[in-house]
Amino acid sequence: MLSAAESADGFGGFGLHPALLQAVTDSKYCHPSPVQAQAIPLLLQGRDLIAQAQTGTGKTAAFALPCLHNLEADQHLPQVLVLTPTRELALQVAKSFERYGAHMPRLRVLPIYGGSGFRPQIQGLRRGAQIVVGTPGRVMDHMRQGTLNLSGLRSLVLDEADEMLRMGFIDDVTWILERTAQERQLVLFSATMPPEVRQLSGRFLHDPAEVTIATSKADTQRIHQWLLMVHASQKRQALIQVLEAEASEATMIFVRTKQATVEVAAELSSHAYRCAALSGDVIQSQREQVIERLRSGQLDVVVATDVAARGIDVERITLVVNYDPPLDAEAYIHRIGRTGRAGRQGQALLLATPRERRQVQAIERVTGQRLEVMELPDTAMVNDRRRQRFKERILSALDGADVPLFAQLVKELSAENNLPAEHIAAALAQLMQGTQPFELSHQDHLPRPSSRRQSRPVAANMERYRIEVGWKHKVKPGNIVGALANQAGIKGQSIGRIHIFDEHSTVDLPRNMPDDLFATLRNLRVVSQPLRIRKLEGSAV
Ligand code: ADP
Ligand code: MG
């Protein structure tokens, strides 16, 4: 970590107000991010700007710092208006302004958004908010009823412009832009640059500077992207198995509908996850609470719709699950951008059914990256984690427990019935567990979809063999390849497709296998099961 004097140094070259440099130091930012390095000088000059950079690259400070620097301290009409696509983002951006402006005396920042009362917002505006951050609808309401006076406006920022337009705010945004003075500085920030954003900028920006930060390899590599193919009916079970096996700090799960947020959250709660649903149906004050609780570690999982989760910046999120696939590849980028914040590592998982293959390909095209295929965590792994979580839950419950009282009760029970304390603890654990089985059994473990149907055809010059080892024996493709390669000396690249079924598997091997090799294979064991390999009739092409 750099010292305070050094750390402000990276930002020192911009000529920002010392109060802002102090806040940057407080935030422990050492160097401006690329989008900040390029955008801040242009914005300080008063240029209109269109800037594109991935999520999590520090776009908020890129516009907030210069806007704060350019404020006229004794002007009390709003000087900066930031439009955001959602209420959560409005709040978050308003908080960032407060943070970066913490050392500026008498700074007033006001978030205004729908779903919360007009009166406090009107009072806040009357008191002289210099910076207003709001959603388009509510900003229009205030403009129409004359409670938001934009005659002193110096800068207007569209944050997450792409989202705003994708969410259908184009008319609202246009309406607002048409009613602000031409001289104001106009700034567009966006993670992606769809044609609608280009059109808007072509129409309203004056001689704009343009900043495009190419997604660096490091950025995309910070988020490890996985793909898990499942059938629709198996998604819930697959989700639980994944969550149980992944030791994620906090998880954000994306679903398509409001209804699904509630259903999936209920399912996870029944598996003892500290979980909440987030959608447009949840009232505003609760939505804020949910994000706060996720941030502070009181919640571990939030199940959200795209709209409700946009722009959320919670560093603890280490896993994003696309439970339902996103509507398009851009939505995917926004979703996975909820993890890997501020240079941290993150994981993203896409659950897709065989019918959704094309969406997967579209995502891979846009991100320029192949998704790595994830194997469903095996039963042993899930059960290990269950044991571990069981112990953690009990230890954490000890903190708040009335130990003297309950210890006394257990003692009495033990003495009266001549029962060892472990048995009493076991009965309590069973009560806590309810009727759900504690351990995942092999039968419950999902087979992969490819193992149920649609095993793919045998390639030319290969033959398909059956081996008597399957999911039931916890076999993984690696075990089979390992045995064939190491014990029978078959080269890895000549081992073809492997399909694992519940009780057996198939493996494709080169045609015309020599008899002595076949004899060796017949005697092989994998995960302690005799393979009893035999050729499947009519398998050759
Ligand atoms: P974006 O709007 O591009 O998605 P944010 O503005 O929300 O990104 O910033 C993402 C995270 O990075 C925030 O937690 C923010 O505090 C942090 N951050 C911003 N600028 C810097 C910087 N120069 N150095 C370190 N962290 C930063
Ligand atoms: Mg942002």
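Observations on the structure shown:
- Dipole of the chain, positive end: most advanced residue of LEU91, PHE189, ALA459 [Cβ charges, Cα centre]: ALA459
- Overall dimensions of segment 217-377 as given by Cα atoms, namely Rg and Dmax in Å: 14.4, 40
- With the simple spin-label model, which puts each label point 7 Å out from Cα in the Cβ direction, the ASP207 to GLU375 separation comes to 6.2 nm.
- Extension gain, ARG466 back to THR435 (0.36 nm per residue minus Cα-Cα distance, nm): 7.3 nm
- Farthest toward positive dipole pole in segment 104-213 [+1 Lys/Arg, -1 Asp/Glu at C-beta], among MET164, GLY124, GLN145: GLY124
- Taking the Cα centre of segment 217-377 as origin and assigning +1 to Lys and Arg Cβ atoms and -1 to Asp and Glu Cβ atoms, the resulting dipole is close to 240 debye.
- DSSP beta bridges confined to the chain are antiparallel in about 20 percent of cases.
- Among the lysines of the chain, pairs that are 8 or more positions apart or on different chains and have alpha carbons within less than 23 Å of each other number 14.
- Adding -39500 (n - 2.57) for every DSSP H run of four residues or longer, then dividing by how many residues the chain holds, sets the calculated 222 nm ellipticity at -12500 deg cm²/dmol.
- The solvent-accessible area of GLU375, taken with every protein chain present and a 1.4 Å probe, is close to 80 Å².
- Rounded percent of accessible protein surface that carbon and sulfur make up, the chain, 1.4 Å probe: 51
- Basic side chains Lys and Arg get +1 at the Cβ, acidic Asp and Glu get -1 at the Cβ, and with that the dipole of the chain about its Cα centre reaches some 960 debye.
- Tilt relative to the chain, helix 87-100 - C-alpha long axis, 0 to 90 degrees, to 10: 60
- Largest-first ellipsoid semi-axes for segment 4-212, taking √(5λ) over the Cα gyration tensor eigenvalues, angstrom: 25, 21, 15
- Two-site label geometry, ASN149 and PHE390: point separation in nm, points 7 Å out along Cα→Cβ: 6.8
- Convex hull volume of segment 231-293 per residue (C-alpha atoms, cubic angstrom): 89
- Descending semi-axes in whole angstrom, ellipsoid equivalent of segment 380-439, from the Cα gyration tensor: 24, 15, 9
- Kirkwood hydrodynamic radius (C-alpha pairs) into Stokes-Einstein, the chain, 25 °C and 0.890 mPa s, D in µm²/s: 91
- As a size descriptor, the averaged projected area of the C-alpha convex hull of segment 121-239 was calculated at 11.7 nm².
- Cα long-axis angle, helix 421-433 against the chain (0 to 90 degrees, to the nearest 10): 60
- Were the residues from ALA102 through SER285 laid out at 0.36 nm apart, the gain over their Cα-Cα distance would be 63.4 nm.
- Centroid-to-centroid separation of segment 80-103 and segment 124-186 [C-alpha atoms, Å]: 13
- Taking only alpha carbon atoms, segment 298-346 gives an Rg to Rh ratio of 0.93, where Rh is the Kirkwood radius.
- Rounded to the nearest 20 debye, dipole of segment 4-212 from Cβ charges on Lys, Arg, Asp, Glu: 620
- Accessible area of TYR273 in the full protein assembly, 1.4 Å probe (Å², nearest 10): 30
- Solvent accessible area, Å² - GLU210, 1.4 Å probe, full protein context: 100
- Shape index of segment 462-535: Rg/Rh, with Rg the Cα radius of gyration and Rh the Kirkwood radius from the inverse mean 1/r over Cα pairs, equals 0.91.
- The chain, relative contact order in percent, only Cα pairs under 8 angstrom and at least six apart counted: 12
- For segment 4-212: accessible area per residue (Å², 1.4 Å): 40
- Rounded to the nearest 10 degrees, the angle from helix 59-69 to the longest Cα principal axis of the chain is 20 degrees.
- Length gained on full extension, VAL481 to CYS30, computed as 0.36 nm times the residue gap minus the Cα-Cα distance: 157.6 nm.
The values are calculated or read from the model by the stated rules, or taken from the named source; none is laboratory data. Fair warning: this is a prediction, and the values are worked out from it, not measured in the lab. Quick reminder, even Gly has a Cβ in these numbers, built from the backbone with ideal geometry, and neighbours come from all protein chains shown. Just so you know, the surface numbers come from the protein's heavy atoms only, side chains and all, with ligands and any DNA or RNA stripped out. Shrake-Rupley method; radii C 1.70, N 1.55, O 1.52, S 1.80 Å.
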